[in-house]
Amino acid sequence: MVEQKSMFDAEPDQGSETISSSALEQIVLLRKQIENWNYDYYVMDAPQVPDAEYDRKIQQLISLESQNPELITSDSPTQRVGGTPLSAFDQVQHEMPMLSLDNVFDETQLLDFDRRIHDRLNTDQAFEYACEPKLDGIAASLLYENGILIRGATRGDGSTGENITQNIRTIQSIPLKLRGSGWPQRLEIRGEIYMPRAGFNALNEKAKAAGEKGFMNPRNAAAGSLRQLDARITATRPLEMCCYSVGMVEVGTGEPLPEKHAEVLKQFNAWGLRINPEMAVVKNIQGCVDYYQMLAEKRDSLSYDIDGIVFKVNDLKLQLRLGFVAKAPRWATAHKFPAQEEMTVLNDVEFQVGRTGAITPVARLEPVFVGGVTVSNATLHNADEVARLQVKIGDTVVIRRAGDVIPKIVSVVMAKRTNFARDIIFPDTCPVCSAAVERIEGEVITRCSAGISCPAQSKQAIKHFASRKAMDIDGLGDKLVDQLADAGLIKNMTDLFCLDWKEVVALERMGQKSASNLLSAINACKQTTLARFLYALGIREVGEATAKSLAEYFKELSALMHADEAALLEVDDVGPIVAQHIRLFFQNTDNQLIVNKLVEVGMHWPAIDASSELALPLAGKVIVLTGNLESMGRSEAKEQLQRLGAKVTGSVSKKTDLLIAGAAAGSKLTKAQDLGIEILDEEGLKVLLNV
Ligand code: I6G
């Protein structure tokens, strides 16, 4: 067993690269480092560094070896296709080696790939390419003889894999017997075994509930599930396989495979194997560029992780002519997405105070390019998260930024910790107003105790008050709130209504027209609804829906302000915790002053009259929305239905009066059908809304 520390002892980081003079020294160091990472990844299931870092070191080694071919040895990691075969399983020899793919990282490199193919085939004619997402899973090979699944194996080192037949047989989407007819007598099928995101989340939730560690990501979970020695455990894991190419083919009594790659995949599908539904054939390399763009946009909405797009020359005869270079085909490449995980250094931790006083540790990072943007801050959430990560200031950390999700620290590279690493100390006074901080038992969050009199909390409260779903004050964004507060013009939301044009126009970058527009927008927001007003107050745990329920139930602000806990508990959506937050909010004298002042400055709303509500066309109807709506977002549809008096809920039950089912509706539709509930499609919804 390799000692954890040793892999980093040998690390040729920037410092040592300049010290080590000879290429041989650098090559030896890189090989040792990569072998250690391979061991941690493939054997221990405990990746130490992000894939991007691993790929960079491999590229560095390939480049050094190609400049010094006399130094290439058969045991160099560059001479393998995959990783180290697992020792716990029998080894199997693939009938045809499982190859790897070359990567490109930008459009220029992709165009170069196409140009190299043209040069090699000595033609100007465009080629068709088959395009499909590169799933982030584990490559596997299935051997079928006379249509029967004989063996399933991991890639291993490309020539020798691990026999995981028993585990493979538990994956429902892999047929034990091919459907139809005409399959070659012996056939190796290659593809990716992966865990869809939903299954991964559910698995990790279960692990968490049982006090277990859980997996780092879906690929890790797929790998861990496949290498279970007890196939009954694998059978409980939500694994899928998507097939993407053939290995050995012995046609024998069967029929030859089609001559186009995409047709082969369709044939697989007809035999009962899953292929990727996003697979498409494009006419030329520009089609590949467009496909990449299209899928990059769709990536977050897919139900599984992908890390790039694979492009293959569609014509198998051309593939044959193009052949291979080293162990990768010349006729295919993977256009990788920018890495979603990268390493960087945690330079410092600062503490931010939010609207409800929550004190959040924010990591200040050495800027790093990850997920397509440069990231220099990440949230550390709370003290529990800091303890879970065991992170210290000065540590090298792995940052993840996927899609539009806020960047987060996912792990610490412990082997890189130095003696200078410092503990993260949580403040015992508010970093903004110096009031005492409190941590309520059972909560993970520490809070400033000063409430609205803390400048940080009041700023956030004003931002919330002005936001779209609250008072929707046109032109009053977060930056302007900061500017007004920093200039001492506003201390809480009531001050917005006392702003003086001359003071506003004197602000930096503020024109006369903008100042007038701002004051008009503030004035216009005085006319509102009780529900919006309550939401805008920013009471803890009172979101839009609860604010609406409170308004409907109490009908008048003063009734709510004086309601006791028992009365609050009568309201839909209000449980003991929410009731307590509402009580505490209205008992606080600062808050009382603010609410009364807002009414004094003229905020008003139409009286909620029970009879007028009952007159609404959908009054009393319980409606559920499901599936995708083309003409409007689900939240817009919800708002419109509510305006007509309906109660829109999230799940189908006997109490549901109507289900609106958009495209690709799933289990809610089935349940509604089972319960005999009235169902409308999008056209029906439009009629209902009269749009
Ligand atoms: O690793 C891979 C992922 C996806 C592949 C691959 C693929 O096609 C969609 N195709 C080949 C031919 C190889 N690796 C070698």
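Around residue 648, which amide H atoms from residues at least 5 apart in sequence, or from another chain, sit under 5 Å from its own amide H, with H modelled in the peptide plane?
Under 5 Å from the amide H of residue 648: 623.
Check the straight Cα-Cα distances from residue 416 and name the lysines below 16 Å, setting aside those fewer than 8 residues away within the same chain.
Within the straight-line cut-off, residue 416 pairs with 5, 392.
Would you work out the relative contact order for the chain, in percent, from Cα pairs under 8 angstrom that are 6 or more residues apart?
8
Report, by chain and number, residues whose modeled amide H sits under 5 Å from the one on residue 446, excluding near sequence neighbours (fewer than 5 apart, same chain).
Result for residue 446 returns 359, 383.
Per residue of segment 637-649, in order, report the coupling 6.51 cos²θ - 1.76 cosθ + 1.60 (Karplus, θ = phi - 60°) as ³J(HN,Hα) in whole Hz, putting x for Gly and Pro.
4, 4, 4, 5, 5, 5, 4, 8, x, 6, 9, 9, 10
Under the rule of at least 5 residues apart or a separate chain, name every residue whose amide H is placed under 5 Å from the amide H of residue 151.
Correct list: 143.
What ranking do 420, 324, 311 get, fewest neighbouring Cβ atoms within 10 angstrom at the top?
Going from sparsest to densest Cβ surroundings: 420, 324, 311.
Quick one: 3J(HN,Hα) in Hz for segment 23-30, Karplus 6.51/-1.76/1.60 with θ = phi - 60°, rounded, Gly and Pro as x.
So the J values, rounded to whole Hz, are 4, 4, 4, 4, 4, 4, 5, 4.
Lysine pairs in segment 494-633 with alpha-carbon atoms under 25 Å apart, 8 or more places apart or on different chains: how many are there?
Lysine pair count for segment 494-633: 11.
Mind sorting 168, 58, 424 by how few other Cβ atoms lie within 10 Å of their own Cβ, fewest first?
58, 424, 168
Exposure proxy check: 381, 562 ranked by fewest other beta carbons within 10 Å?
Working: 381 18, 562 11.
Fewest-to-most ranking of 381, 562: 562, 381.
Select from segment 568-652 those GluC sites (Glu not before Pro) which occupy a DSSP coil region and have at most 13 other Cβ atoms within 10 Å, ordered by residue number.
When the GluC sites (Glu not before Pro) of segment 568-652 are filtered for loop state and at most 13 Cβ neighbours within 10 Å, 570, 630 remain.
Assuming R0 = 51 Å, what is the FRET efficiency of residue 266 and residue 588, from their Cβ-Cβ distance, to the nearest 0.05?
Once rounded, the FRET efficiency stands at 0.15.
For labels at residue 601 and residue 209 in the simple 7 Å Cα→Cβ model, what's the distance in nm?
With each label placed 7 Å out from Cα toward Cβ, I get 4.8 nm.
Counting helices only, and only those DSSP H runs with n ≥ 4, report the 222 nm mean residue ellipticity of the chain as the sum of -39,500 (n - 2.57) divided by its residues, in deg cm²/dmol to the nearest 500.
For the chain, the value works out to -10500 deg cm²/dmol.
Can you run phi through the Karplus equation (6.51, -1.76, 1.60; θ = phi - 60°) for segment 484-494 and list ³J(HN,Hα) in whole Hz, with x for Gly and Pro?
5, 6, 5, 7, x, 7, 9, 10, 8, 5, 5
Give the Kirkwood hydrodynamic radius (Å, one decimal) of the chain, defined as one over the mean of 1/r across all pairs of different Cα atoms.
This gives a value of 30.0 Å.
Across segment 275-389, what fraction of all alpha-carbon pairs, as a whole percent, falls in each successive 10 Å bin from zero upward?
11, 27, 24, 18, 13, 6, 1
Per the Debye formula with a single identical scatterer at each Cα and no solvent contribution, what log10 I(q)/I(0) holds for segment 66-214 at q = 0.20 Å⁻¹?
Log10 of I(q)/I(0), two decimals: -1.26.
Residues with beta-carbon under 13 Å from that of residue 554, excluding residue 554: net charge, scoring Lys, Arg +1 and Asp, Glu -1?
Net charge in that neighbourhood comes out at -3.
Which lysines have a Cα lying under 18 Å from the Cα of residue 327, excluding residues fewer than 8 positions away in the same chain?
312
Could you give the size of the charge dipole of the chain about its Cα centre, using +1 on the Cβ of each K and R and -1 on the Cβ of each D and E, expressed in debye and rounded to the nearest 20?
In total the dipole reaches around 840 debye.
A short reminder: the numbers here are calculations on the coordinates, not readings from a lab. Note that this is a predicted model, so its numbers are computed, not measured. So basically every Cβ, Gly included, is an ideal-geometry build from the backbone, and we count neighbours across all protein chains shown.
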